[in-house]
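Notes follow the structure.
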Amino acid sequence: MYPIGMNTLTKFSTGLIAVAAVSCAADDPLNINEPEVQPDLTPVEVVEEVQEVTMPSPLLEDTTPIDLSVLEPITEVVLDDYDWGRGENVEALQAVLGVTADGQYGPQTRVAHIELLEGMGWSTDNVPGAPAGSSGSSSNSNPTPQCTEWWDVARSAGWAEEDLPKLGQIMYKESTCRPGAISPTRDYGLTQINWAAHGARLTSIGLTREDLLDPYTNLVQAKYIADSAASWAGCKWQPWYMSGSWCG
């Protein structure tokens, strides 16, 4: 057995402690001496996706000249001279104006005709003047046409053009141009047909009081009454004597 000196024992103990320290450091996850991993800070290139925008192709300007000759027939119709009543180009004119194409130049056609001419900056000399009121007593001499909105209906009902001014005055006096007018004495519609006087005949042909409130039906029956009065009274306007001296 060899004697161990204190110096040797001290060196040996120091070596064991160093070995143990190295071993623990290898197993300890919190070892602060472990080399730190540096993050990869290499810059990343970001590429933005650019959406392709398709621009519409510019519209090509149409430089084709307009053939104005196609408008000549229409212009001729609009600028033609007209009189009241039926005329050669009236139906064609009404088709251009967008009014009822009955071939009769009346107030509705006249108003639309003037509006078109003035809108185009054209003269209205080719438009007939407003029809004058019929002569007679002061109550019937109003030169302004009355109830002209119903003149085209009156034409369709068979009334002659020369009768329209006086018929318009009668409608104004009787009902103030109101097709739904009913009087306390049982008179109905535009011309105030009296049911007591004409109800029996009207019932025999299937008409009612309410039917007389229709402008066309009323004016058809007024035409029948006027024609009958022309035979037995010598004046078609006699049935409306209560509203004026129409036969004077």
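Please treat every number below as a calculation from the coordinates, not as lab data. These numbers were taken from a predicted model, which means no experiment stands behind them. Heads up, the Cβs are rebuilt from the backbone with ideal geometry, glycines too, and the neighbour counts pull from every protein chain shown.
Mean separation of Cα pairs under 8 Å and 6+ residues apart, divided by the residue count of the range 138-243: what relative contact order is that in percent?
Working: 123 pairs, mean separation 24.3, N = 106.
Taking the mean separation of contacting Cα pairs over the length of the range 138-243, I get 23 percent.
Can you figure out the FRET efficiency of GLU72 with GLU118, using R₀ = 35 Å and their beta-carbon distance, to the nearest 0.05?
Values: r = 21 Å, r/R0 = 0.60.
With R0 = 35 Å, the Cβ-Cβ based efficiency is 0.95.
List, largest first, the extents of the alpha carbons of the range 138-243 along their principal axes, each in whole Å.
Per principal axis, max minus min of the Cα coordinates gives 38, 29, 27 Å.
Divide the volume of the convex hull of the Cα atoms of the range 69-120 by its number of residues and quote the answer in cubic angstrom per residue.
Working: hull volume 3.7 nm³, N = 52.
Expressed per residue, the convex hull around the Cα atoms of the range 69-120 is 71 Å³.
Between VAL111 and THR185, what length comes free when the chain is fully extended (0.36 nm per residue of separation minus the Cα-Cα distance, one decimal in nm)?
Full extension from VAL111 to THR185 adds 23.0 nm.
Working out 0.36 nm times the residue gap between SER156 and ASP211, then minus their Cα-Cα distance, what length gain in nm do you get to one decimal? Please list the in-between numbers first.
Details: separation 55, 0.36 × 55 = 19.80 nm, distance 1.69 nm.
That pair, SER156 and ASP211, stretches by 18.1 nm at full extension.
May I ask you to sort TYR216, TYR105, TYR188, TYR82 by Cβ crowding, counting other Cβ atoms within 10 Å and putting the fewest first?
Numbers: TYR216 14, TYR105 23, TYR188 27, TYR82 18.
Going from least to most buried by this count: TYR216, TYR82, TYR105, TYR188.
Which parts of the range 215-248 would a label at SER204 reach, counting a residue when its backbone N lies under 17 Å from a point 7 Å out along Cα-to-Cβ?
From the range 215-248, the list is 221-222, 224-229, 232.
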